[in-house]
Amino acid sequence: MKKALLIIIALNLLRVILIPFENFIPLETAEGHFGALAIGQAPTLILSINTIVHHIVGESAFAIHFLFFSISLITQWIIYLLIKKVIRQDRKYMAWVVICSTLFFTLFAIAPVSDNLLLLFWSLSVLTLYNAIFENDKKSWLLSGVFIGFATLNKLSGIALPVGLFVFLIFSSRYRYHLFRFGPYLLMFIATLITLPLWTGLLQAESASFAISYAHTFFDILGSKFNSFTSFLGFQFIIIFPVLYIGLWWVTFKYLARIFEKPNQVNPEFWFLLSFFLPLFIGFHLIALFDWVDSFGLIPIYLTGFIVLLKLAKKRWFIWSLAFSFIAHLLLVLGILMHFIN
């Protein structure tokens, strides 16, 4: 535990140091960044947070960056709480370090991007859904509805959360009884109520608004798009490292057939986690063959896949992943230094 905390603290100290040098997004104020987001990314939530932030910290770019860094810290803790539900051995600390050492966490920590909030609410949603289903915590159904609502307000990919929930409940004979209880439907009612402004806005928007709903994403602000499948794959290798990306495909092939052929032989906790991972992981890769995909929007989807992978992986997977993390962060620091030197 102590070693894991030391690594997490060291990584986050590095991220704090990088905040003033963050120059990946040409941002003068948070409003300028958030204003570039489109309807599909739910400006209702983003602009509301933006307004609150401005009242608290004013126009300070560093303060806004530090706020999103703090959100990243909270997300890391929530992920640990989720990991220890499933991975109960000492390797839960190693799994926590591996996930939090990925490059996307660093980018989320130093850049105020909407996907930071998406990952937070996604993590909270999965954690509270776990508590509701496996621990019969009734209030967690209510909390799940709130968190799913905010995840969807942040980005439309939040819709996948209730889809994953019902996929699990339908296919799991042991936990299917929840379908005949009030909890899942209370969740849907609360989530729908919270997202009502979003659906109203989408219905009232002109067709052109729908066309650009996912056009102004993180990479439009950066000034680049990933229009080819090879570029999409390359980005996945960079942002989550090759060993983890290949590992996710290993999990996919290992469990995909087993889920349909022998569903009762799959660990229910794995079943639960894979319900939020497999359909979207496969689906987005198929879409990427023909169309542009918001790569950062996939990050929350990877979360539960990572936990299954790191529950099963051998120790060398952890070592390789941390080695890639060290190299990636070293190159990131050198790149930022070279940028400012030149």
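Rule-based calculations on the coordinates, nothing more; no lab input. Quick caveat, the model's predicted, so the values are computed rather than measured. Using ideal geometry, Cβ is built from the backbone for each residue, glycine included, and neighbour counts are taken over all protein chains shown.
What list do you get for 2, 311 if you sort them by fewest beta carbons within 10 Å?
Ordered by Cβ neighbours within 10 Å, fewest first: 2, 311.
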Would you mind classifying region 59-179 by shape? Square roots of the alpha carbon gyration tensor eigenvalues, ordered a ≥ b ≥ c; an a/c under 1.5 is rounded, otherwise it is prolate if a/b is larger than b/c and oblate if not.
oblate
Between residue 330 and residue 88, what is the spin-label point distance in nm, taking each point 7 Å from the Cα along the Cα→C-beta axis?
3.9
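Multiply the residue gap between residue 256 and residue 63 by 0.36 nm, knock off their C-alpha separation, and tell me the result in nm, one decimal place.
Details: separation 193, 0.36 × 193 = 69.48 nm, distance 4.46 nm.
Taking residue 256 through residue 63 to full extension adds about 65.0 nm, to one decimal.
Could you work out how much longer the chain between residue 229 and residue 70 gets when fully extended? Use 0.36 nm per residue separation minus the Cα distance between them, nm to one decimal.
Numbers: separation 159, 0.36 × 159 = 57.24 nm, distance 3.35 nm.
The span from residue 229 to residue 70 would gain 53.9 nm if fully extended.
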